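> Right, I'll just put the structure down here and ask away after.
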Amino acid sequence: MSASANTEVSEDVLFSIQQLMSQAQQAQIREDNQTALTLQRQASELLQLHLPDSALFMENSYFLAKLHYDLGSYVQALASYEKVSVLAGKLGDKEKFAAALLGMSMTLWRQDNYQAALEHGLNALRAYQELDHRAGIADALHNIGTINDILKNYDKALEYHQQALVLREQLQDRKAIAESLNAMGIVYYFSKNYEKAAEFYEKTLAILMQLEDDKGVAKLLNNLGLVYKEQGDYDKAINYFFQTLDYANKLGNKYEIVNVSNNIGKLFILKADYDQAELFLHRALKIAEEIEAKDLIRESSEYYSDLFVANNDYEKALFYFKKAAQIRRELLDENRGKAIADLQTKYETEQKAQEIALLQRENNIKQLELERQTLLRNGFLIGFGFVLLMAMVAFYLYIVKKKAHHQLSELYSLISQEKAKSDQLLLNILPSRVANDLKEFGKTEPELFENVTVFFSDIVSFTKTSEKLDVKVLIEELNDIFTAFDNIVERNHCERIKTIGDAYLCVCGMPEENPQHAYNIVRAAVEIIQYMQQRNAQRSISWQIRVGIHTGPVVGGVVGVKKYIYDVFGDTINTTSRMEANSEPMKINISSVTYAAIQGQFKTQDRGEIDAKGKGKMRMYFVETDSNTALLNVMQHNQ
């Protein structure tokens with residue numbers, strides 16, 4: 001083939017690649033990401049074949065990485081970003097190298113790998129700073145701020161977002177300015193500074209309306225609705241939610257229609273307007289099932305369950321709880337439960353290794369038995385004349401049999417140990433009655449328990465204190481505290497459900513009914529506060545906790561098929577969380593329902609009616625925790 005022919009073929013290939021990439025970009029503009037992905041992959045295959053180390057292949061890989069990211073295919077996105085970083089290094093393209101690092105960081109935190117995400121994010125920031133690329137620096141700062149927000153390092157998150165905002169204002173990039181303002185609003189929202197959240201959301205909304213970004217406007221209106229809902233201003237909240245719904249209908253965005261319809265339904269439940277709540281939740285669930293949005297189906301079902309609990313229709317409440325649990329299980333299997341998955345994987349790996357060892361032992365035993373039979377047969381063939389030889393064979397067979405018996409005993413012992421380990425692992429994850437049901441029947445159904453008292457606590461200023469500690473020390477501290485909590489809870493006939501970071505949740509009255517449920521939980525809470533006081537007096541690191549307690553009906557059930565999680569659900573759990581939020585450091589805050597159940601058994605302080613977010617005015621009481629008062633009452637009750 002001539003040189004001209006080679007050039008001609010190369011030009012044809014290049015033209016095909018450029019056509020595919022152009023069509024992919026047009027498809028992405030139309031928000032047809034699947035078509036864009038197909039076209040971009042075709043271009044990538046040609047580039048890999050003909051121009052594997054080219055700048056064009058690097059650009060294509062970068063485009064492909066962003067497409068995968070937008071589609072939620074984070075494993076593929078990360079692989080493509082890594083390819084870009086390698087090519088950028090070879091080609092000396094420092095700007096694209098920095099962009100690849102930033103892309104990897106964003107992808108990693110989407111995969112919940114926050115440590116690696118932060119490392120890549122800081123490396124991207126340094127790379128952009130070396131280039132004095134102000135837009136890139138701002139993007140990297142924004143990304144690091146988002147990671148800190150997810151990790152609940154709210155002060156650091158605001159610091160990084162503020163630095164990004166300053167740069168973006170200097171660049172007069174209004175869309176990026178809106179992004180920074182919205183991010184700061186989100187930080188304020190999750191740190192429960194709702195006034196500041198509303199302020200920043202309003203600023204963002206004004207810019208997005210000027211830019212005529214209807215999609216962004218819809219999201220901001222929804223955010224403002226959530227803020228006013230948390231503040232208890234339901235009329236203002238519902239006004240923003242209805243505006244959001246108008247925009248979502250205008251855009252034909254079914255996902256957002258379901259999202260805001262769920263929010264409206266939940267708000268009507270809080271307003272006790274159950275007919276309106278059912279109207280919006282019915283519409284939300286129907287559309288969510290049409291578009292197969294599992295996260296929204298789960299949310300709609302959970303809100304439906306809340307609705308029927310509020311209406312005292314527990315049969316329907318349980319139906320929708322099961323539906324939500326089914327979807328949650330599927331989502332957990334796909335995206336979550338990583339810690340439990342790792343634990344189970346480790347256990348299964350160890351178990352598999354043991355099974356292999358057992359099989360090897362069984363093979364050895366069979367081999368020994370075969371040797372015995374072979375020797376026996378040969379012995380008879382030699383004849384009775386060889387008495388001495390037969391005596392030696394008999395002795396050897398005795399040794400073989402003894403050895404086989406010993407190995408069989410070891411085998412049975414090992415099987416028993418593995419069974420005990422398996423049973424203990426199940427008991428570490430689930431309440432004993434639920435674990436026994438699973439072992440005996442292979443399943444367990446969600447149940448409604450009418451009389452349950454719930455304890456919820458978290459550590460005051462945990463984020464600020466933890467920032468000053470080495471990770472190993474922090475984990476040791478939490479392990480020491482929660483182990484002590486577990487012992488106290490078990491001693492008082494209560495059941496630890498779960499820990500969530502620095503938060504601790506336990507119950508009494510389920511899955512085993514207990515007429516003393518309220519007394520047991522309050523006594524455990526008193527002992528926990530006293531334990532923390534004693535611990536703080538003896539340790540260099542001091543921790544304070546807030547405790548909230550409420551009594552009412554709770555639904556409990558196992559989520560998952562292979563990776564079991566026992567969870568609790570219902571308005572009682574939400575109310576307990578509100579009791580904790582309205583408590584004070586080293587105080588036990590209880591609802592009027594719990595107070596009625598333990599009246600006369602503990603000394604209490606009437607706090608009057610307090611506004612609980614999402615609940616309205618609720619009467620609350622502090623339980624005395626001083627060892628000379630509360631504990632005295634406990635002892636008198638036991639006598």
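The values are calculated or read from the model by the stated rules, or taken from the named source; none is laboratory data. Remember, predicted model here, so these are calculated numbers, not experimental data. Here Cβ is always computed from backbone atoms with ideal geometry, including for glycine, and neighbour counts include all displayed protein chains. The accessibility values were calculated without ligands, DNA or RNA, using every heavy atom of the protein model including side chains. Shrake-Rupley method; radii C 1.70, N 1.55, O 1.52, S 1.80 Å.
> Can you give me the long-range amide H partners of residue 588? Hydrogens built in the peptide plane at 1.01 Å from N, cutoff under 5 Å, separation of 5 or more residues or another chain.
623
> Tabulate in residue order the Karplus-calculated ³J(HN,Hα) for segment 77-83, using 6.51 cos²θ - 1.76 cosθ + 1.60 with θ = phi - 60°, rounded to whole Hz; enter x for Gly and Pro.
For segment 77-83, the Karplus curve yields 4, 5, 4, 5, 5, 5, 4 Hz.
> Among the listed pairs 229/464; 94/152; 236/266; 498/617, which have their C-alpha atoms separated by more than 22 angstrom in this model?
In this structure, 229/464; 94/152; 498/617 lie more than 22 Å apart at Cα.
> State the percentage of accessible surface on segment 435-623 attributable to carbon and sulfur atoms; use a 1.4 Å probe and exclude ligands, DNA and RNA.
45
> While we're looking at this one, here's another question. What's the ranking of 246-253, 520-527 by average number of surrounding C-beta atoms within 10 Å, highest first?
520-527, 246-253
> Would you mind classifying segment 491-531 by shape? Square roots of the alpha carbon gyration tensor eigenvalues, ordered a ≥ b ≥ c; an a/c under 1.5 is rounded, otherwise it is prolate if a/b is larger than b/c and oblate if not.
Oblate is the answer for segment 491-531, as a/c is 1.5 or above yet b/c matches or exceeds a/b.
> Further, regarding this structure: Roll a 1.4 Å probe over the protein chains and send me the accessible area per residue for segment 435-623 in Å².
In whole numbers, segment 435-623 has 45 Å² accessible per residue.
> Going by the alpha-carbon gyration tensor, a ≥ b ≥ c the square roots of its eigenvalues, is segment 435-623 rounded (a/c under 1.5) or, if a/c is not under 1.5, prolate (a/b greater than b/c) versus oblate?
Judged from the Cα gyration tensor, segment 435-623 comes out oblate (a/c at least 1.5, b/c at or above a/b).
> Taking the alpha-carbon centroid of each part, what is the distance from segment 220-235 to segment 58-101 in angstrom?
38
> Name all residues of segment 274-295 having a backbone nitrogen under 13 Å from the label point set 7 Å from the Cα of residue 253 along its Cα→Cβ direction, giving them as ranges.
The answer is none.
> Under a 5 Å amide H to amide H cut-off, with H placed in plane at 1.01 Å, what residues pair with residue 501 once short-range neighbours are removed?
HN-HN under 5 Å from residue 501: empty list.
> Right, next: Out of residues 5 or more away from residue 607 or on other chains, whose amide H comes under 5 Å of its own, with H placed 1.01 Å from N in the peptide plane?
620, 621, 622
> Mind ranking 175-184, 146-155, 50-59, 530-539 by how tightly packed they are, going by the mean number of other C-beta atoms within 10 angstrom, highest first?
The densest-packed peptide leads the list: 175-184, 146-155, 50-59, 530-539.
> How much net charge surrounds residue 591 when only other residues with a Cβ under 9 Å from its Cβ are counted (Lys, Arg +1; Asp, Glu -1)?
Result for the neighbourhood of residue 591: +2.
> A further question follows. Please list 3J(HN,Hα) in residue order for segment 487-498, calculated via the Karplus relation 6.51 cos²θ - 1.76 cosθ + 1.60 where θ = phi - 60°; whole Hz, with x for glycine and proline.
With the stated coefficients, segment 487-498 comes to 5, 5, 4, 5, 4, 9, 6, 10, 10, 6, 8, 6 Hz.
> What list of ³J(HN,Hα) values in whole Hz, one per residue of segment 260-273 in order, does the Karplus curve 6.51 cos²θ - 1.76 cosθ + 1.60 (θ = phi - 60°) give from phi, with Gly and Pro shown as x?
After applying 6.51 cos²θ - 1.76 cosθ + 1.60, I find 6, 5, 4, 4, 5, x, 4, 5, 5, 5, 5, 7, 6, 9 Hz.
> Now for a separate question. Go through 254-262, 483-491 and give me the packing order, highest mean Cβ count within 10 Å leading.
The densest-packed peptide leads the list: 254-262, 483-491.
> Spin-label point model (7 Å from Cα, Cβ direction): what's the residue 169 to residue 213 distance in nm?
Each label point lies 7 Å from its Cα, and together they span 1.8 nm.
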